[in-house]
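The values are calculated or read from the model by the stated rules, or taken from the named source; none is laboratory data. These figures come from a predicted structure and were not determined experimentally. All Cβ positions, glycine included, derive from the backbone under ideal geometry; neighbour counts span all protein chains shown.
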Amino acid sequence: MKQIERTEKSQEIAIESEQAVKNEQKRAIATAQKIYLFLPLLFLTVGLLGGLRVKDGSLLFIAPELVYLIFASLLMILFFKTGLIKLEGWFSENFTALKNTANSAVIIGVFVASVQVFNSLIPESGLSFWVVSFCFFWVLWNNLFVETEAKRMLKSLLALFGLAFVVKYVLLSSMTAPESESWWQGLLQNPTKEALTWLLDLPRFSPTTGYLQFFTLTFYLIGLFFFPSTSK
């Protein structure tokens with residue numbers, strides 16, 4: 001009788017161990033799918049949409065300025081500094097060459113998406129370009145010398161990006177003369193907007209651009225929220 005009970009317990013332990021192994025494998029597969037499939041697709045989408053503008057019913061792609069690469073580099077340093085991305089958790093001599101290469105591709109994807117987010121949020125030209133660029137540089141540079149946590153940094157980043165989006169696609173957009181109007185028509189019908197458009201060198205993009213960039217920023221922030229600090 002005792003032998004039977006021992007056998008049953010052994011079988012139960014074996015079943016539980018097998019189930020635990022299966023659950024661990026499922027978690028590993030889910031993590032791998034998130035890191036190497038979901039997040040890269042999300043950041044790739046941001047990279048593609050960040051430079052898109054709609055004008056006169058056609059799509060334009062605006063290449064990022066050199067300063068956006070500098071801003072993205074500062075932002076990546078902040079990610080590593082605050083622990084949002086742990087360097088030793090993504091690159092290690094204990095990892096296979098394939099995993100290190102795949103991790104490099106993911107990190108590069110984050111960098112490219114960051115460049116395009118700045119491309120999306122900073123005005124294309126004029127005085128507003130320099131003012132917003134200076135504000136971004138000032139905030140990023142100061143944060144390099146401030147001790148903060150990843151969650152707090154993400155919250156401040158959300159506030160900063162949200163403010164930049166409102167400034168560009170709500171405030172400045174409301175000052176811009178409609179793209180369908182000619183210069184003379186705009187001057188006669190709405191001289192204030194036409195003057196502001198000329199003085200601030202505001203591009204006449206379609207309102208659809210704002211919707212595109214709203215989703216671009218949303219996808220980027222979602223990607224950062226779900227981004228694991230390590231790939232282990």
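List of remarks:
- Residue in segment 94-104 that is under 23 Å from A150 (Cβ atoms), at pLDDT below 90 and not in a helix (DSSP H, G or I) present: yes
- Pair list, Cβ < 7 Å and 6+ apart or interchain, from segment 207-232 residues that are of a type in the set (K, R) to residues that are at pLDDT 85 or above and surrounded by fewer than 19 Cβ atoms within 10 Å (Cβ to Cβ): K232/G89
- Residue within segment 148-156 that is basic (K, R) and assigned to a loop (DSSP other than H, G, I, E, B) present: no
- Residue, nearest to A105 (Cα to Cα), within segment 26-68, restricted to residues that are basic (K, R) and in contact (Cβ under 8 Å) with a residue 60 or more places away in the chain: K34
- For segment 49-83, the set of residues classified as part of a loop (DSSP other than H, G, I, E, B) and either at pLDDT 90 or above or farther than 30 Å from V146 by Cα (or both) consists of G50, G51, D56, G57, I62, A63, P64, E65, listed by residue number.
- When residues of segment 29-46 are limited to those that are hydroxyl-bearing (S, T, Y) and closer than 18 Å to G89 by Cβ, the one surrounded by the most Cβ atoms within 10 Å (Cβ to Cβ): Y36
- Single unsatisfied condition, K26 versus (1) under 30 Å from S133 (Cβ atoms); (2) at pLDDT below 75; (3) of a type outside the set (V, I, T): (1)
- In segment 117-173, the qualifying residues are those that are of a type in the set (F, W, Y) and loosely packed, with under 15 Cβ neighbours inside 10 Å, and the one that is farthest from T218 (Cα to Cα) is F145.
- Hits in segment 105-145 (condition: in a loop (DSSP other than H, G, I, E, B), over 17 Å from I62 (Cα atoms) and without any contact (Cβ under 8 Å) to a residue 60 or more places away in the chain): F145
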